[in-house]
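Student: Shown below is the structure under consideration.
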Amino acid sequence: MYPNLLIPLLTALALALAGLVLVAVRQPVSRRLAFRQIARRRTEAALVIGGSMLGTAIVIGALVVGDTLNFSVRQEAYRTLGPVDERVVAPPGPTGRAVTERLGALAGDPDIDGVLNAQATQASAVSHTDGRTVAEPRVLAWQMDFDKAARFGAPGGDSGLGGPDPKPGQVVVNEPLARSLSVGAGDPVTLYLFGVPGTYRIERVVPEEGLAGVGLGGRLNRDVFLAPGTLDSAARAAGAEPRSVTFVSNRGGVESGEALTDRVTADIRQALGPLAGQTEIETPKHTVLRDARQAGDSLGALFLMIGSFSIIAGALLLVNIFVMLGEERKSQMGMVRAVGMKRSRLVGSFTLEGATYALLSAVPGVAIGVAVGWGVAVVAAQIFQGWSVGGSSIRIAFAVTPTSVLNGLAMGLLIAFAAILATSVRISRFNIIAAIRDLPTTPGQRPRRRLLAVSSTLAVLCAFAAVPAVARSQPDATYLMPALALAFATPALLRVLPRHTVTTLVAGAVLVWTLLAPVIRPRIFDTPSMSVYVIQGALAAFSAVVLVSDNQKTLLRPVRRLLQRPTEGGLAARLAVAYPLAKRFRTGATLVMYTLIVFVLVLLTEISGILRAGVDGVVADATAGYSLRLDYNPQVAGDRLVSDLRGGPSAAGIAAVTPLLNATGRATDPGLRTSTASSAAPAARPATTTTPATPSP
Amino acid sequence: MDSMNTDRALLVASGVRKIYRTGSVEVTALLDLDLLVRHGEMVGVMGPSGSGKTTLLNCLSGLDDIDGGRVEVDGHDLFAMSDAARTEHRAHTMGFVFQAFNLIPVFSAVENVELPLLLVGTRPHEARRRALDMLDRVDLGHRVEHRPSELSGGEQQRVTIARALAGRPAIVWADEPTGNLDSAMADQVMDLLCELNRDEGQTIVLVTHDSAIGARVPRLIRMHDGQLVDDVRQTATARAPSPDVPLG
Ligand SMILES: Nc1ncnc2c1ncn2[C@@H]1O[C@H](COP(=O)(O)OP(=O)(O)O)[C@@H](O)[C@H]1O
Ligand SMILES: [Mg+2]
């Protein structure tokens, strides 16, 4: 997924690695210190490797889910469409024959390796098996030359339909039709062609692949293939005409042919000349593949959103472990500084050490990520199975693209590097004496002037950027800009107010804004983007934890009595809170991790609640209050069905029956460049189905 | 260091003040302290616990910040420099021996000793050679590949001394170097320090609360409540107080 991210990510990773190599080469003492720690501190190494593995694994897992979905839909497209790249549908009658004739010229086109003419009509079918009558009102009846069909796009692979033509009185049906009629080879079936019934024997059943699964735009097609001339004579007898359909296969295989879609479509248009305005040129494979890509991307993005909280938590875990390492080595680090190691070298050493852990974690991280992606795909496959209608569900086929692996790897490593670098800078800033004697570090001095200038400028810039962002309800910036402005203002505030007040003020303001923003600007959630949830969650979690940790004394006041009891329990409680209270940074980081986890759980519950509530709404919208929909062919059943329902034995249980007619119409744009089929109801001349429905009592 | 240097001032501290702040409590650990140490001197610092001996060492070496005054070492004002420059200066001119030995546990003895040499850019071969020489000098030639956890306390402290001296620093700071050692080992370590001062003119400032050790140093200063209260020169045989004004 995200091929457009590949180059920037790899560039950033290459720069980071180059920087690390530079440090390793230019600072031999830092390098020795780093690598010695790695070699001699196995447990710590394992912990850090685990922490940075998490980030890589989650990113890759999310991307692999996208890959798998994308690949599955593509496979489905290749399987069901086979060599068919374009489909030209002409109206019945002389125009259709003229279109067929003009398209014959395409046979010599170097971009095309197959042109196949066919006639089709909507039909319905009935079978009598085991004394039961089964009807299928939506059948596509085809008439095509099996010989030519077998050779259609043959250089690129199986066309899906071949073998001898069915003899007169015999038909070939595809699997979906056989399934819905519960019939097999040798069984009789009644077809209503142009409203006239006729009985045929099923010669064979073919899988719905390639030409054997073609349709006129539906996702699942129940096809019956007739003997040559059958459709023509049925049409003549009924005074009607079948539709002309021409299939075109682009040069190349099932997959590679798609690339030529634009050129071939132009060629077809040219070949049709003035008739182009009355014909439909469809690019089913191209359309399905584009949809597949979009579906894969958006599902991958959803997993990435949920995953990004885990990534933040993973990065915090890394920070936590590193702070712990720093604390444990405090006195020796103090000594190293005392004997003359500069702070920057110490940062270099820590960063090298951490980056090495991150690199060591890369391979297992990728493996776990792929496994996670596979697991999600398996679950997703079960969900899709549950959604399937008439066996039309897509089959989930696991897939991993190198792009996704590289993207995930680069992203995971960069996140780990950033976390490690930031932590290294922080843990290298200690008072040498306090470190050597393992005393708690005193809070930092007042901010330096340059930092103050830079941060104040940024604060002003963010504040300015916040105004239009909030005014226009831009989702991410509405949250982020005011929060950043507040955070950048901290050094300036520290000049005039005590640290505790500033921290509480800034964290409180950010928290209040995070909670208030959706109330003031409700439209920030009118976006398909998921990043707003990530920003909201991260801001809320961080600011709340800072607020709590900065006011721990006040918060603990109500339980102080309890803690200070001179009993054994009181002592135990005091011991229990003493460490977390003293190690404020670590406790804070741990709390943020837990907060984020709780946040994700709540968010997921909320999303599933919204979806569930949505289902009822969608059902109500789609059914308009009716509980049953009966499809039937009006040419066969006439209006009798409606009166039968109204007066039949179940009439007492039926509140209303409403016949609904629909027919295929055609609309052209003023320039006659395209033509699109659309439904109209009720139509003047019902062509296919009438739909009565009964409202639920 | 030859006798030519002996009269040159190596360290000049004037009006040094250090205040520890813990919450709202303030402790003045050094109060307008003046001190001058010349090249080749071995100075003992004694005083009751909490009198500011350790603080003096930390502040005059530039390891800790001060709240007032000025410290010049080898002609450079320590607190006028950036942290990086001070670190570089420290690497070139100072060595440290602390009560807790503070060796790098993942490094072998020789690697610990060569660390300060490598930090000032000595070539690895040269650093290794000098580190081995120094370990020989402290009688640890047979323990060079051992890691700190594999050495006894006395051996560890001798490694620290080797580390402090390997870079031939102008001044060595030692804070209770024998505090964690039994008396036999303490004697060994003291012998070594005295020998280095006597034979090689190594300048040493040594903090101790042990009067037996205090008796062995040529110059002894006494502290009380963050101030110098006594400053005497003593010969090896008799303690002959000599009037010495530390600051000119
Ligand atoms: N990190 C510190 N924080 C607060 N007070 C300190 C700290 N270090 C030392 N002190 C105080 O400063 C005074 C001098 O301490 P120190 O120099 O360690 O004395 P000595 O080494 O002579 O025993 C003592 O009162 C001690 O409590
Ligand atoms: Mg002390």
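Student: Roughly how many whole Å is it from the C-alpha centroid of the range B:200-232 to that of the range B:180-197?
Tutor: If you average the Cα positions of each part, the centres end up 15 Å apart.
Student: Now for a different question. Rounded to the nearest Å, what's the spacing between the alpha carbon centres of the range A:259-306 and the range A:1-66? Just the number, please.
Tutor: Rounded to whole Å, the Cα centres lie 40 Å apart.
Student: Further question on the same structure: Would you compute, from DSSP H runs of 4+ residues alone, the mean residue ellipticity of the protein assembly as shown at 222 nm, taking -39500 (n - 2.57) per run and dividing by the full residue count, rounded to the nearest 500?
Tutor: About -17500 deg cm²/dmol.
Student: Summarise the partner chain shielding of B:109-116 as one whole number: the mean count of Cβ atoms from other chains within 10 Å of each residue's Cβ.
Tutor: Details: counts 0, 0, 3, 2, 0, 2, 8, 6.
Counting Cβ atoms of other protein chains within 10 Å of each residue's Cβ and averaging gives 3.
Student: Using the Cα atoms of chain A, I'd like the radius of gyration and the largest Cα-Cα distance, Dmax, both in angstrom.
Tutor: 34.6, 105
Student: Mean separation of Cα pairs under 8 Å and 6+ residues apart, divided by the residue count of chain B: what relative contact order is that in percent? Could the numbers behind the result be given before it?
Tutor: Details: 495 pairs, mean separation 67.4, N = 248.
Reported relative contact order: 27 percent.
Student: Okay, moving on. Calculate the all-directions average of the projected area of the range A:140-220's alpha-carbon convex hull, and give it in nm².
Tutor: Working: hull surface 22.7 nm².
Mean shadow area of the hull around the Cα atoms is 5.7 nm².
Student: From the gyration tensor of the Cα coordinates in chain B, what semi-axes in whole Å does the equivalent ellipsoid have, largest first, with each one equal to sqrt(5λ)?
Tutor: Details: eigenvalues 156, 88, 69 Å².
That gives 28, 21, 19 Å for the three semi-axes.
Student: Under a Cβ-only charge scheme (Lys and Arg +1, Asp and Glu -1), can you give me the dipole magnitude of the range A:496-571 about the Cα centre, in debye to the nearest 20?
Tutor: 300
Student: Same structure, new question: Rounded to whole Å and ordered largest first, report the semi-axes of the equivalent ellipsoid of the range B:28-142 derived from its Cα gyration tensor (root of 5λ).
Tutor: Values: eigenvalues 171, 65, 36 Å².
For the range B:28-142, the ellipsoid semi-axes come out as 29, 18, 13 Å.
Student: Let me ask another. Past 25 Å, Cα to Cα: identify those pairs from A:330/A:553; A:553/A:583; A:553/B:53; A:148/A:285; A:330/B:53, in the order given. Write down the numbers at each step before the final one.
Tutor: Working: A:330/A:553 27 Å; A:553/A:583 14 Å; A:553/B:53 35 Å; A:148/A:285 21 Å; A:330/B:53 23 Å.
Distance filter (> 25 Å) returns A:330/A:553; A:553/B:53.
Student: Here's something else I'd like to know. When the convex hull of the Cα atoms of the range A:210-286 is projected onto a plane and the area is averaged over all directions, what value comes out in nm²? Can you show the working numbers first?
Tutor: Values: hull surface 26.9 nm².
Computing the convex hull of the Cα atoms and averaging its projections yields 6.7 nm².
Student: When all C-alpha to C-alpha distances in the range A:545-613 are sorted into bins of 5 Å, what percent of pairs does each bin hold, rounded to whole numbers?
Tutor: P(r) for the range A:545-613, in whole percents per bin: 3, 15, 16, 17, 14, 11, 9, 7, 5, 2, 1.
Student: Under a point-charge model restricted to the Cβ atoms of Lys and Arg (+1) and Asp and Glu (-1), what is the dipole moment magnitude of the range A:86-282 relative to its Cα centre, in debye to the nearest 20?
Tutor: Numbers: 18 positive and 25 negative charges, 113 e Å.
Dipole size: approximately 540 debye.
Student: Further question on the same structure: What is the Cα radius of gyration of the range A:86-282 over 2.2 N^0.38 Å, N being its residue count?
Tutor: Rounded to two decimals, the normalised Rg is 1.03.
Student: How well do other chains shield peptide B:96-104, expressed as the mean number of their Cβ atoms within 10 Å of each residue Cβ?
Tutor: Partner Cβ neighbours, averaged per residue: 5.
Student: Once the Cα atoms of the range B:108-248 are picked out, what are the Rg and Dmax in Å?
Tutor: Cα-based Rg and Dmax for the range B:108-248 come out at 16.6, 48 Å.
Student: Also, quick follow-up: At a threshold of 8 angstrom on Cα-Cα distance, excluding pairs fewer than six apart, so keeping six or more, what relative contact order does chain A reach in percent?
Tutor: With pairs under 8 Å counted, the relative contact order is 18 percent.
Student: How fast does the range A:425-498 diffuse by Stokes-Einstein, in µm²/s, taking the Kirkwood radius from C-alpha pairs at 10 °C and 1.306 mPa s?
Tutor: The diffusion coefficient I find is 110 µm²/s.
Student: Same structure again: Quick one: which of B:41-51, A:592-602 comes out on top by average Cβ neighbours within 10 Å, and what's the full order, highest first?
Tutor: B:41-51, A:592-602
Student: Using a 10 Å cut-off around each Cβ of peptide A:339-349, what is the average number of partner chain Cβ atoms that fall inside?
Tutor: So the per-residue partner count for this stretch is 6.
Student: With an 8 Å cut-off on Cα pairs and a minimum separation of 6 or more residues, tell me the relative contact order of the range A:86-282 in percent. Numbers along the way, then the final one.
Tutor: Values: 437 pairs, mean separation 67.8, N = 197.
Reported relative contact order: 34 percent.
Every number in this text was worked out from the coordinates using simple rules, so none of it is lab data. Since we're looking at a predicted model, the values are computed, not measured. Glycine also receives a Cβ, built like all others from the backbone with ideal geometry; neighbour counts cover every protein chain displayed.
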